[in-house]
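Enquirer: Could you have a look at this structure, given as structure tokens, before my questions?
Read the figures in this text as sums done on the coordinates, not as results from a lab. This one's a predicted model, so the numbers in the text were calculated from it and none came from an experiment. Reconstructed Cβ throughout: ideal geometry from the backbone, glycine too, with neighbour counts over all protein chains shown.
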Amino acid sequence: MKHLVLAAGAATLALAACTPPAPEADGVIVLESEYSVRETLDRIEAEAESRGARIFARVDHAAGAETAGVEMEPTGLVIFGNPALGTPLIAESRTAGLDLPVRMLVWEDNGEVWLAYTDPDAIAARHGLSRGDALDQFTEALDGFAREVTGEE
């Protein structure tokens, strides 16, 4: 019996090692992009600007990793915001400013490109935001935005 339990445990570990981890994390929305990392990041910037948002920063994590001697597949982050959508949330709870402006992370993993951002419901829960028009508009805008830049829409 002991050998059977050990064999089952070893098989489980072997399968877990062969199974790629899901890109989802608690409170994070992840979408697969039809575009390369660079093109997805460019699309985020272009779409944000077309919607009246301001681009605050674009971070190339892979370039940073290279300077530290670490190999990393293409990975980048865009920080952007539209005061008309984010300011009402920050006005309701100042700590929401820790999660706003929006950050969208894009990375390549085994030839697939992913886009991730913090789930607005997680932001609301973390900062005690009430469900109302401001949060609903923010959620709807962010969902449509992410789907547009990844090619899902």
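Enquirer: For segment 25-150, count all C-alpha to C-alpha pairs, find those more than 27 Å apart, and express that count as a whole percent of the total.
Expert: On the way: 1476 of 7875 pairs.
Tail of P(r) above 27 Å: 19 percent of Cα pairs.
Enquirer: While we're here: Whole Å is fine, so just give me how far the alpha carbon centre of segment 109-153 lies from that of segment 29-84.
Expert: 15
Enquirer: Based on the alpha carbon coordinates of segment 72-116, what radius of gyration and maximum Cα-Cα distance (Dmax) apply, in Å?
Expert: Just the Cα atoms of segment 72-116 yield Rg and Dmax of 13.9, 41 Å.
Enquirer: First select every other residue whose beta carbon is under 15 angstrom from the beta carbon of Gly52; then total the charges, Lys and Arg +1, Asp and Glu -1.
Expert: On the way: positive: Arg51, Arg54; negative: Glu45, Glu47, Glu49, Glu148.
Every neighbour counted, the sum reads -2.
Enquirer: Under a Cβ-Cβ cut-off of 14 Å, what is the net charge of the residues other than Ile79 that fall near it, where Lys and Arg count +1 and Asp and Glu count -1? List each step's numbers first, then the result.
Expert: Details: positive: Arg54, Arg58, Arg103; negative: Glu45, Glu49, Asp60, Asp99.
For residues surrounding Ile79, the net value is -1.
Enquirer: Using the Karplus curve 6.51 cos²θ - 1.76 cosθ + 1.60 with θ = phi - 60°, work out ³J(HN,Hα) for each residue of segment 56-63 in order, rounded to whole Hz, and write x for Gly and Pro.
Expert: Whole-Hz 3J(HN,Hα) from phi for segment 56-63: 8, 6, 10, 10, 9, 5, 5, 5.
Enquirer: Along the charge dipole of segment 25-150, Cβ charges K/R +1 and D/E -1, which of Leu41, Phe56, Ile29 sits furthest on the positive end?
Expert: Comparing the listed Cα positions along the dipole, Phe56 ranks first.
Enquirer: Dipole magnitude of segment 101-144 about its Cα centre, charges +1 at Lys/Arg Cβ and -1 at Asp/Glu Cβ only, in debye to the nearest 20?
Expert: Charge dipole, segment 101-144, about its Cα centre: 280 debye, nearest 20.
Enquirer: Using the Karplus curve 6.51 cos²θ - 1.76 cosθ + 1.60 with θ = phi - 60°, work out ³J(HN,Hα) for each residue of segment 142-153 in order, rounded to whole Hz, and write x for Gly and Pro.
Expert: Whole-Hz 3J(HN,Hα) from phi for segment 142-153: 5, 4, x, 4, 4, 5, 5, 6, 8, x, 7, 9.
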